Amino acid sequence: MSDLGKKLASIAFDELGADYLLAMREEHGNVAPVMLARGQDPGEIRLDVPYQLVNILSNIYPWLKDGKVAVVTRRCDEKALEEFFKRELFDPRRILKIGLACSKEQVAKCRCSDPVPAKTHIGEPQKAMEKDELSEKLMAMPPEERLRFWAYQFKKCNKCFACTLTCPVCFCDECILEEKTFVPEPGIPPGMSFHLIRAYHLADKCIECGECERSCPAEIPLLTLRKLLAKDVKEIFGFAPGDRKTVSPLLTVLEEGCNEC
Amino acid sequence: MSVEHVLTTCPYCGTGCYFFLQVVDGRLVGVVPCKTDEISLGRLCIKGYNAHAFVQHPDRLKHPMIRIDGELKPVSWDDALGRFAEELRRIREKHGPDSIAILASAKCTNEDNYLFQKLARAVVGTNNVDHCARLCHASTVTGLLYSFGSGAMTNTVPEFEKADCILVTGSNTLEAHPLIGSRILRALDRGAKVIVIDPRDTPLSRLATIKLNQISGTDIAWINGMIKLIIDEGLYDEDFVNARTEAFEELKEAVKGYNLAKVESITGIPGQMLAEAARVYAKSKKAMVAYAMGVTQHSNGTDLVKALANLSMVTGHIGKESTGLNPLRGQCNVQGACDAGGLPNLFPGYQRVDDKSARAKFEAAWGVRLPEKPGLTLTCAIEEAAAGKLKAMVVFGENVMLSDPDLNHVEEALKKLELLVVADIFPTETIKFAHIVLPAACYAEKDGTFTSTDRAIRVLRKAVDPPGEALPDWQIACDIGRRLGSKGFEFSSSAQIMDEMASVTPIYAGIDHARADNTVLRWPCPAKDHPGTRILHTQKFTKGLGTFAPVHHSPPAEETSEDYPLILTTGRNLFQYHTGTMTRRSPKLEREAPEPYAEVNRADAKRLGVSDGERVMVSSRRGSIALKARVTERIIQGSIFIPFHYAEAAANRLTNAALDPDSKIPEFKVCAVRLEKA
Ligand code: SF4
Ligand code: SF4
Ligand code: SF4
């Protein structure tokens, strides 16, 4: 058992009283998500690979009949969890958080403006990044050039749906991006509507974890797109997601509408 | 309560992405990409994300069946295999071993395939063993064995992103090999030049630096045209040509007549644009060629592959990082099925069955006498069955009744067989003709290895139990081997099979399950302490000197006529896979591409009075199918495209079974058809 594994197991099972621990560890020369039961050897725990554990948990959660799960949570994961609790998709009494402060490197990769969890169990809290270089570059462009930039980016899309599948806060049961009415193009690439509908749909939910961008095989700078929109939502409505108590000003417009289409 | 994330290999294309299957108490609930995987980099295409969807589908075959009074009835394994062995023995005694053929499978593991060919050679006593590589890259194997001495991708998937120039031809990479396409996009974003030469517009060609559309079946002309220009303008790599190759004079002579004007008149590619593409490719420091079925599936496929080999050798773009000639293999384990000897003329590791010393080695290892005559190819086996000479066929995981050319003819052939045994995971079109049906475990239900298109050994790990009584193919092969009295089938795990395969296959000698478990090994890997080989032909070609082949343009086997004025080309789309047995049972994939269609150029559609979405009838000299027209600019005038995934309008009812003389690959990419309103 590694030191990190020992430490994590003791936080999860002794300190927090969890029945399961959701983390990552080395397996078969790779790093894998792993769900451990109390008493199992955690092995070589690795927290340097950014798996989206909240999204992974949401796949398994419907099948978990009982027990409490301790999850390694970065600040963005904490915010994602809040969105789950807000919608009563997870029972807050069954989810326990082990706060992970992201490394300086990770903060830079995510251009993250909010990297420190409410309570840090593991890692050293790092300074936030103030700006996203690409956002600034794009906003300095004339609109036609900006449009050309995104048009080229979107043309690379091959409709893998990773941006929705790996996103922790894509909540709809029926995804309208699968509907011909909204995304009429047969084959690939899908048209602009695919990306713009998704961007708007996430406007009041995206917690800027960057998983969509990391998972995109076309390397479209999706996180920058989200950041640009989040900035608008904040400026216009004074709202940012990731807090159980606040209610989105867009709620009626987007979520209820979406069940009907 | 158990939750597992089982690392395994994608069962679709030959890219070989790893991913985790999420299993909760024996139920498959999802797919999670593996972020540290060197091939996929934690990304997948839509097929990968949905690779769990068909596994626990209610249609899975769960019990062995025997046809009794025209109907398939469930029986015990003992009855099914007992009958199988008895029939096989009877037919062998009566008609001789060469009246039996075994079809191996590009969807089964290396270990499964090793046993299939061993069963044919060592137990039945015939070299009649082949698989669907015959239909996709047989011409790659024969062509590249001639030019380089090794018929596999010369470089690796990760190298694409570091190339300065990538020439893609006959490959719809973003749809057929999405995660290789993703590497090409990375190169493009970095400023690399991407040249796409294809009769169709593809998602990649629309992003390409240079995009050229040639008339189907005219490829040798443009390749020779490029080579002539490269030699004339002194852009060829003289040092490389002198030191590493032979027969350059013959090549020079052969390409002499291919000036730009003549090439333009044959291919339809504007001469100046072809010249520019040739210059960009030749002058780039690191230039790769990638190709797929648009090159191989022609009646002169072997010559076409040799022409591309000429191009990469003349420019010296081979044997170095981010260069080379790279056939993209279509199925998860089509590379491995070839490596493991699922070919009628080759033992495992490309050792020839008609080579005395190779045969002596296998005879010593297996303790039996082996047949020296190369066996029947898949396409020839169908011919022989139709002629009544082949009596029994054992098919592991292939759906010949949808994937082979000229299906009406295949149907006749299958009906004539005295014994057709099919082992598969779903009831396929082929099973309708089977006498014995055996339920097989799928990729998620067994251990073993695949070999991806870039020669990497990818590990499969069992995530869930097979449904009902289904068994892994290697266990089925072991059982039947033992019933036929052979001693060489005493395996209790797939790892043991790999150990035996490695002991007789020099390119796999250093490979075992324990090593492959945590490192990426690529063959040739000749010893246990050898790290494997990323780039082939670095110091010398596998055969010594690379051989230039003088090849010439010849028209396709079937030309258009007044009655059949259009050229039909077939292929895949992103969302479906092959004959659709898996993808059409995956709701998210089926939803994206639920029905068959024919892509028709706007101008042709206008002339024929056909509008988008209208039902049309497409006919060739062999049959007709009805389907929807998709009017588009994606295809050039005079050609139509139909994906071959759909049984309800099977494109292969139309295709021509004309074969390449060397590799016996059928000409799926060109046949003459007529399109009219239905
Ligand atoms: S960054 Fe992307 S994946 Fe993460 S919450 Fe926002 S939209 Fe979803
Ligand atoms: S992850 Fe990227 S390629 Fe995949 S659907 Fe989203 S934008 Fe398109
Ligand atoms: S690219 Fe190929 S191997 Fe990778 S996920 Fe897609 S189908 Fe599977």
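The values are calculated or read from the model by the stated rules, or taken from the named source; none is laboratory data. All of these numbers come straight from a predicted model, not from anything done at the bench. Cβ atoms come from the backbone with ideal geometry, glycine included; neighbour counts cover every protein chain shown.
So here's what we get for this one:
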| quantity | calculated |
| --- | --- |
| Any hit, segment A:12-25, residues being in the same structural domain as A:Cys102 (by TED's automatic domain parsing), part of a helix (DSSP H, G or I) and either buried (at least 18 other Cβ atoms within 10 Å of the Cβ) or touching a residue at least 40 places away in the same chain (Cβ under 8 Å) (or both) | yes |
| Contacts under 8 angstrom Cβ, first residue in segment A:199-228 being over 14 Å from A:Lys109 (Cα atoms) and at pLDDT 95 or above, partner part of a helix (DSSP H, G or I) and more than 16 Å from ligand 3 (Cβ to nearest atom), 6 or more apart | A:Cys216/A:Leu222; A:Ala218/A:Gln153; A:Ile220/A:Gln153; A:Ile220/A:Phe154; A:Ile220/A:His195; A:Ile220/A:Glu213 |
| Matching residues in segment B:562-572 - criterion: being in a loop (DSSP other than H, G, I, E, B) and within 19 Å of B:Pro405 (Cβ to Cβ) | B:Tyr564, B:Arg572 |
| Scan of segment B:15-33 for residues that are more than 16 Å from ligand 2 (Cβ to nearest atom) and under 15 Å from B:Val520 (Cβ atoms), ordered by number | B:Gly16, B:Tyr18 |
| Subset tally (residues that are assigned to a loop (DSSP other than H, G, I, E, B) and more than 17 Å from A:Leu228 (Cα to Cα)) for segment A:92-127 | 15 |
| Enumeration of residues in segment B:7-27 that are more than 9 Å from chain A (Cβ to nearest Cβ) and more than 8 Å from ligand 3 (Cβ to nearest atom) | B:Thr8, B:Leu21, B:Val23, B:Gly26 |
| Residue in segment B:319-339 that is surrounded by fewer than 24 Cβ atoms within 10 Å (Cβ to Cβ) and on the phi < 0 side of the Ramachandran plot present | yes |
| Filtered residue count, segment A:58-86, keeping only those that are closer than 22 Å to B:Arg461 by Cα and either more than 10 Å from chain B (Cβ to nearest Cβ) or of a type in the set (A, V, I, L, M, F, W, C) (or both) | 1 |
| Test result for B:Ala187, touching a strand residue (DSSP E or B) at 6+ places or on another chain (Cβ under 8 Å) and not in a helix (DSSP H, G or I) | no |
| Residue selected from segment A:176-202 under the condition buried (at least 20 other Cβ atoms within 10 Å of the Cβ) and more than 13 Å from chain B (Cβ to nearest Cβ), by the criterion nearest to ligand 1 (Cβ to nearest atom) | A:Leu202 |
| Residue within segment B:147-159 that is closer than 28 Å to B:Ala365 by Cβ, over 18 Å from the mean Cα position of the chain (by Cα) and either in contact (Cβ under 8 Å) with a residue 24 or more places away in the chain or buried (at least 20 other Cβ atoms within 10 Å of the Cβ) (or both) present | yes |
| Pick from segment A:25-57, criterion over 30 Å from A:Lys104 (Cβ atoms) and of a type outside the set (Asp, Glu), ranking: nearest to the other protein chains (Cβ to nearest Cβ) | A:Ala37 |
| Of all residues in segment B:28-44 being at the interface with chain A (Cβ under 7 Å from one of its Cβ atoms) and touching a residue at least 12 places away in the same chain (Cβ under 8 Å), the one that is nearest to ligand 3 (Cβ to nearest atom) | B:Leu44 |
| Sole exception among (1) within 14 Å of ligand 2 (Cβ to nearest atom); (2) more than 10 Å from every other protein chain (Cβ to nearest Cβ); (3) of a type in the set (D, E, K, R) for A:Asp173, by number | (1) |
| Wholly enclosed helices (runs of 4 or more DSSP H) of segment B:266-373 bearing at least 3 residues assigned by TED's automatic domain parsing to the domain that holds B:Asp219, of a type in the set (A, V, I, L, M) and farther than 30 Å from B:Cys10 by Cα | B:271-283, B:301-314 |
| Test for B:Lys35: is it surrounded by fewer than 16 Cβ atoms within 10 Å (Cβ to Cβ) and either at pLDDT 95 or above or in contact with a strand residue (DSSP E or B) (Cβ under 6 Å, 6 or more places away or on another chain) (or both) | no |
| Sole residue being in contact (Cβ under 8 Å) with a residue 60 or more places away in the chain and either within 14 Å of another protein chain (Cβ to nearest Cβ) or surrounded by 24 or more Cβ atoms within 10 Å (Cβ to Cβ) (or both), chosen from B:Ile166, B:Ile231 | B:Ile166 |
| B:Asp79 being surrounded by fewer than 18 Cβ atoms within 10 Å (Cβ to Cβ), in contact (Cβ under 8 Å) with a residue 24 or more places away in the chain and not small (Gly, Ala, Ser) | no |
| Residue match in segment A:223-243 (condition: within 14 Å of chain B (Cβ to nearest Cβ) and more than 10 Å from ligand 2 (Cβ to nearest atom)) | no |
| Of all residues in segment B:157-186 being hydrophobic (A, V, I, L, M, F, W, C) and over 16 Å from B:Arg206 (Cβ atoms), the one that is nearest to ligand 1 (Cβ to nearest atom) | B:Leu179 |
| B:Val520 being modelled with pLDDT of 95 or more and within 14 Å of chain A (Cβ to nearest Cβ) | yes |
| Total residues in segment A:130-166, condition in a loop (DSSP other than H, G, I, E, B), crowded, with 16+ Cβ neighbours inside 10 Å and more than 13 Å from chain B (Cβ to nearest Cβ) | 1 |
| Flag if A:Lys109 is within 14 Å of another protein chain (Cβ to nearest Cβ) and in contact (Cβ under 8 Å) with a residue 12 or more places away in the chain | yes |
| Residues being outside any helix (DSSP H, G or I), farther than 15 Å from A:Leu134 by Cβ and within 16 Å of ligand 3 (Cβ to nearest atom) - total across segment A:190-226 | 2 |
| Conditions (1) surrounded by fewer than 23 Cβ atoms within 10 Å (Cβ to Cβ); (2) part of a helix (DSSP H, G or I); (3) not charged (D, E, K, R): number failed by B:Met226 | (1) |
